[in-house]
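FYI, it's all coordinate maths here, none of it is from the lab. Everything quoted here is computed from the prediction, not taken from an experiment. Backbone-built Cβ (ideal geometry, glycine too); neighbour counts: all protein chains shown.
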Amino acid sequence: MLNPPLESLNDPEGDAVPEGLPPVMDAHVHVFPAPIFRSIWKWFDRYGWSVRYRLDADAVVSFLTSRGVDRVVALQYAHRPGIARELNRFMAALCRRHGGRVLGLGTVFPGEPGFEDIIREIRDLGLRGVKLHAHVQCFDVDGPEMEAIYALCSGLDLPVFLHGGKEPKSPAYACDPHLLCGARKVENILRNFPTLRLLVPHFGMDEIATFARLLEKYDNIWVDTAMTLAGYFPGQSPPNLATVRPERVMYGSDFPNLPYAWDRELKAIHGLNLPEDRLRMLLHRNARELFSTDRPAKGGHDADL
């Protein structure tokens, strides 16, 4: 539960990826047109924390890549009907400008008119998946209205990046995510759509242990680590990356909407002294295999890291 204002940390930041880590692919980076970014930061100021990195989309990519991050998976979401097409064109243009450095995902507002065509256009634009945010878009993640979206994404081999964990909960949301999200509902999706590739960010906070069990039980779910390793949220224990299924977990930062240094969680990962193979899966291999297909993004390439 977000109980604002949360503290924004003034922790020191490095000028590069910590030395000794393998190549890094950040699988959770937000980009939006400038007016939407400004609205998001205003929301965080009121209901979350003061965002430390207030950068436009191109600067977000340049900031990370100039510090040694090899690639980013860029995300956006449509907060209302009627804007998804514009956002998807914006994302495709960003990918073209930055070539293979950016693997962009498209978005759709569930239930909006023509949503099937919008999803097909995501594929045609060369984008690598579909980002959905139940907390903002206010849909039941395993509701009957979502079946057509999951079926279509499965058929098009488009991964779905679904913010389907219960947290954060906030009175600022127009719906109660605890009623719409959670591990039990995500398991229904995995069971009903076994060929759908589904990624749940933030390791499904606050049901990390339950999502770790889902990773063992199903082959069509991935999670990212965004904001789970920073020791930021009171009372939140981090996932044990030494014991979870290694080929289903990937590093993500949630940059730029952070209340702490951009490399805080990379430093935490470095300090875990994980075996080299686990590190490579966590920091780039899993994300590359999920989002880098044989179909190169328009204007980009898929050279191995």
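See the values below:
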item	result
Over 17 Å [Cα-Cα, region 1-99], rounded percent	60 percent
Calculated over the chain: convex hull of Cα atoms, volume per residue (Å³)	117 Å³
Expected 222 nm ellipticity per residue - DSSP helices of 4 or more, -39500 (n - 2.57), all of the chain, to 500	-9500 deg cm²/dmol
Cysteines not pairable in the chain (beta carbon separation under 4.7 Å absent)	95, 153, 181
Rg to Rh, two decimals, where region 76-124 supplies the alpha carbon set and Rh follows Kirkwood	0.99
Three-way shape call for region 63-180 based on the alpha-carbon gyration tensor, with the a/c threshold at 1.5	oblate
Cα-based shape type of region 126-221, given that a ≥ b ≥ c are square roots of the gyration tensor eigenvalues and the cut on a/c is 1.5	oblate
Relative contact order (%) - region 40-110, alpha-carbon pairs under 8 angstrom, separation at least six	32 percent
Restricting region 1-67 to chymotrypsin sites (Phe, Trp or Tyr not before Pro) in coil, as DSSP defines it, with at most 15 other Cβ within 10 Å	none
Region 9-81 versus region 122-189: alpha-carbon centroid distance in Å	21 Å
Where labels lie 7 Å past Cα in the beta-carbon direction, separation of residue 116 and residue 67 in nm	4.4 nm
Sparse-neighbour loop sites [GluC sites (Glu not before Pro); region 1-50; at most 12 other C-beta within 10 Å; DSSP]	7, 19
Dipole moment magnitude, nearest 20 debye, the chain about Cα centre, only Lys, Arg, Asp, Glu C-beta charged	300 debye
Anchor residue 185: lysines whose Cα lies under 22 Å away (excluding residues fewer than 8 positions away in-chain)	131, 166, 169, 217
